[in-house]
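Structure, as structure tokens:
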Amino acid sequence: MQWIISSDPRVFIDASNMSARLQYIHSVTGSEVTGWNAIRKSSILPKTFFYCMSNDGLNGTFITAHVGEVRQLCSLQEIATGDFVIANTCIWEKPLNKQILYRMMKINRKIDLWFSKQSLSVEENYILRQSAMLSKLGEFGFDNSLSERILFSNRRKGFMKAVKIAFNKVSSVILPEDYGGII
Amino acid sequence: MRRLVFYVETHPQAYLHNINSYDLIQLPHHGKLDSAIVIFDKLTDSYSKDYLVSDNTGSGATSGGSDNLVEYMKTEHYSPALNTKNGVVYLPKSKNNLNNRTQGVKLGAMDYKL
């Protein structure tokens, strides 16, 4: 599977940080991992991203980026035609997670989308947002989300089993909680 | 004010009560690994807590001994616990250290409108 990360300097911090991320990916997949490469800007993707590949036999994408960047990436044919996307990001404003899923389902009806565990945060003008935060918790060597920490703790159960514990699968069915409810 | 919970010899039912509400947790039975794992598994985010180990037994076969726990926490990428095995420990006076760690980057926005 492929692992994509934002080039935001608060996310892609430095070489040491990114090397620690490679070690993390190796630990949770139990497979060999390539180094980081750049996805260059294009008319379709106006920002630079970095990616690596893990040799685990899975056909999916794990994205750590701002939700607007995840939205852009998920509109790409190469990503939407995979078996799944794991979005390590904020939902921010519901039902943005479902909108991203619906857009990908126009390309691939069988795709699964997973989002990080969210917490409520108060933003400008006292607006409540569904947030996922990268924090300096543990000794991972890089800022990580709650879902990444849970994924690591459950890595011995197998990657996809751990994903089911650490991330929330986005349902294509619209539920009452998608209209202002709290997760 | 920081919330701390101290355990020594007690039953799991007692030490798991409201466990998520504490910032600093003393791991029971002088840092026995099995007892610590029960705590870690019960927490919603075990990496967000600070831990204290009152280890005065080394790696005694019958009671206490935190060597296995120290190794486990290292393997699992936990921040090291405050451990009396290395001498007197001084508890942080405030939550400042923890707050610094829980601040970070929110992955919202960046032109998120569809």
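Residue by residue through A:134-146, how many Cβ atoms from other chains fall within 10 Å of the Cβ on average?
5
Could you run the Karplus curve 6.51 cos²θ - 1.76 cosθ + 1.60 with θ = phi - 60° over the stretch A:15-25 and give me ³J(HN,Hα) per residue in whole Hz, x for Gly and Pro?
With the stated coefficients, the stretch A:15-25 comes to 4, 5, 4, 6, 5, 5, 5, 4, 5, 4, 4 Hz.
Can you flag which of B:Lys32/B:Lys93; B:Lys49/B:Lys74; A:Lys41/B:Lys106; B:Lys32/B:Lys85; A:Lys136/B:Lys49; A:Lys117/A:Lys161 are past 19 Å Cα-Cα?
B:Lys32/B:Lys93; A:Lys41/B:Lys106
Take the eigenvalues of the Cα gyration tensor for the stretch A:77-183, scale each by 5, and report the square roots as semi-axes in whole Å, largest first.
Square roots of five times the eigenvalues give 22, 21, 12 Å.
Return the long-range amide H neighbours of A:Ser145 (sequence gap of 5 or more, or a different chain), with a cut-off of under 5 Å between placed amide H atoms.
Under 5 Å from the amide H of A:Ser145 lie the amide H atoms of A:Ser135, each far enough along the sequence or on another chain.
Once phi is turned into θ = phi - 60°, what whole-Hz ³J(HN,Hα) does the Karplus curve with 6.51, -1.76 and 1.60 give for every residue of the stretch A:162-171, x standing for Gly and Pro?
5, 4, 5, 7, 8, 10, 9, 6, 7, 8
Computed from the coordinates by the stated procedures, all read-outs in this text should not be read as laboratory data. Remember, it's a predicted structure, so these values are computed and weren't measured experimentally. With ideal geometry, Cβ positions are generated from the backbone for all residues, glycine too; neighbour counts draw on all protein chains shown.
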